[in-house]
1. Would you calculate the separation in nanometres between label points at Ser136 and Glu584, each defined as 7 Å from the Cα along the Cα-to-beta-carbon direction?
2. Ignoring everything but the protein chains, give the 1.4 Å probe accessible area of Lys648 in square angstrom, nearest 10.
3. Using alpha carbons only, what's the Rg to Rh ratio of the range 545-599 with Rh from Kirkwood?
4. Using helices alone, I'd like the mean residue ellipticity at 222 nm for the chain: each DSSP H run of four-plus residues gives -39500 (n - 2.57), total over residue count, nearest 500.
5. Report the relative contact order of the range 202-247, percent, no decimals, based on alpha-carbon pairs under 8 angstrom and at least 6 residues apart.
6. Mind pulling the per residue volume of the convex hull built on the Cα atoms of the chain? Å³ is fine.
7. May I ask you to list the lysines whose Cα is less than 29 Å away from that of Lys256, ignoring any residue fewer than eight positions away on the same chain?
8. In whole percent, how big is the carbon plus sulfur part of the accessible area of the chain, probe 1.4 Å, protein atoms only?
Amino acid sequence: MISLYTVGAPFETGAVTEEVPAQSGVLPYFREEGGAYVRTMAPGEVVYGLGEQVRGINKRGHIYVSDNTDDPMHLEEKRSLYASHNLLVIDGEEHFGIFFDTPGKVTFDLGYTRYEEMRILPEEPDCRIYLIEEGSSAAVVRAFRRLIGTSYIPPKWAFGYGQSRWGYRNAEDVRALVREYRERGLPLDMVYLDIDYMDNYKDFTVDPEAFPDFPDFVREMKDEGVRLIPIIDAGIKIEEGYGVYEEGRKNGYFLKDEAGNDRVLAVWPGRSCLPDFLNSRVRSWFGRNYHFLLRQGIEGFWNDMNEPAIFYSEDHLEEVFRHIDGYRTQNLDVNSYFALQGEVTGLCNRKEDYASLWHDADGRRIRHDRVHNLYGWRMTQAAEEGFSSFDPGKRFLMFSRASYIGMHRISGVWTGDNHSWWGQLLLNIQMMPSLNMCGFLYSGADIGGFGGDTTADLLLRWLEFGIFTPLLRNHSAWDTREQELFRFGMDGAFRGILQLRYCLLPYLYSEFVKAALTGENYFSPLGFAWPDDPRAKETEDQLLLGGEAVLAPVYRQNAAGRYVYLPEEMKLYRFRDPGDYDTEILTAGDHYVSCALGEVLLFVRKGKMIPFGESAEHVDRLSGEIRACLAFGEEASYELYDDDGTSKAVTLSGHTHLLCAETLTIL
Ligand code: MIG
């Protein structure tokens, strides 16, 4: 049961697609204290949710702030990442979900200030609060997902492996990399183009020297089975003669200062303006600009810097220069030295800069900080409108860095600038089910780590988990060690794991589409499937995949295996590559399971089966034929969903067919 409590006259976000009758009484479970919603948490109560956030699956014990932020240090102490996913699922003596639908800042103090107390403070008092009361966490999430509408489904080829790096300078760099993948038999479906492909970091341009005859190059790559996926940034470079900028300025499409002048801010291209994506005219204009690349054969994009990130504002930069000058003659002591340092690091993503921007939200003038968390979604909505007007029946690949619940209907997300640290692999594992609860199914992290230098073993372990994430992309920053799979002299190990992904793809795709349409999770915490098992509830480093299998990835340096908790008897598949594996039946309980570097563990539940196809160089080459399966029990069966992988209209009816272990070879 879902009830809606409306406070004041909230800004319409569009997060919810279902009508819910409004309640007039006070919000149950909470008491109000100075604008905050407060309740006592029972001992042992688990708090799920918050989507893309730091820390574990159970969010209890820390404080989180929904305030979309470009922060490349995903540390435990942080409170905000790139997204605002204001859903909590309370699983204890009391059992409910709660969604705070407001585009402003929200603080979720989940036992930080006082250990037993939950305190939620929406900065904008005008807010829609949805209360979801169901018998289990899984049911709460299913009801919530029905409330917010079905999740985005990308083209099937987007389930292949993607290679990315900030720093592929030109067509020759890309060609060389594709050649390496093909020659070494490493499957590859996508190569991502970072800001390097643009002409001087200008959106909707291609550097004519680095990529001469771009449409020909796009076709050449596609003939190799590789799609190029360019990045688009939120900021538009200020430059006379640059059409996109001039059009935007002429038509008043950029965010304004209080006096109504275009506000000058800086991002990658230097001085820039930010489009007012909360305005529908601006969205349709920006969306049509994607046609420039679509016409050249591009079929997917990633939208970056759309929190929006701000390096500095011109006026504040001036102020800082003045202050710094003042330090010159001083003997810098502990206070003044750090103050000087703070002046510079404090240039970016400043509260005051966000508060100096003004939107024209289709006639309603509103200050940016009050609607900040919607900006990335509205940018991505512009892209989606551009795709629909280009080809309404076709699926395009789209994922964004910033997000808000509701964007899940049109796009995926990647989890931003993580690091090549072992702890970030665990964070990736823990973030995935939380993202799913909030509707974001097509998601994944920068495999191998974005910042810092990766190592062969970290990348391999990360890939061992990554082959199960819908978005499977290896991405890294320009100043780090190169981390393409062929750089480590371990092609065999990487190939084996990657081929396993392609063999499992019919299953992973089927589970994905089912989850998108039914509101089930693709990745769930074990507590969702075994709600009465306290051990399952506290397991933070294993996930349920679909309804069939449990994953227990190794995420520690030099580990040769790990402890695994099984809530019930399961069949373990330990893969080195699709043809090299061993199996073992394990009882319910705790086990130390060996897992050497390059091995993948998959635990299949009793009575369940997983169809197993064949590998290929890229997804379009997969035959789709299923002759084998992983199964625990002869009578196991599975409803396999499949489709053409490109049409936008998707329904489960008419596609589902039953696969029985009896008619397939059980591996
Ligand atoms: O902050 O385009 O998260 O994936 O490589 C730098 C350069 C801007 C941030 C993205 C990252 C991308 C990078 N971008």
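The values are calculated or read from the model by the stated rules, or taken from the named source; none is laboratory data. Remember, it's a predicted structure, so these values are computed and weren't measured experimentally. Positions of Cβ are generated from backbone atoms using ideal geometry, with glycine treated the same way; all protein chains shown enter the neighbour counts. What goes into the accessible areas is simple: the full protein's heavy atoms, side chains included, and nothing from ligands, DNA or RNA. Shrake-Rupley method; radii C 1.70, N 1.55, O 1.52, S 1.80 Å.
1. Result: 2.9 nm between the two label points.
2. 80
3. 0.95
4. -7500 deg cm²/dmol
5. Normalised by residue count, the contact order of the range 202-247 is 38 percent.
6. So the per-residue Cα hull volume is 167 Å³.
7. Lys105, Lys202, Lys237, Lys351
8. For the chain, the apolar C and S fraction of the accessible surface comes to 48 percent.
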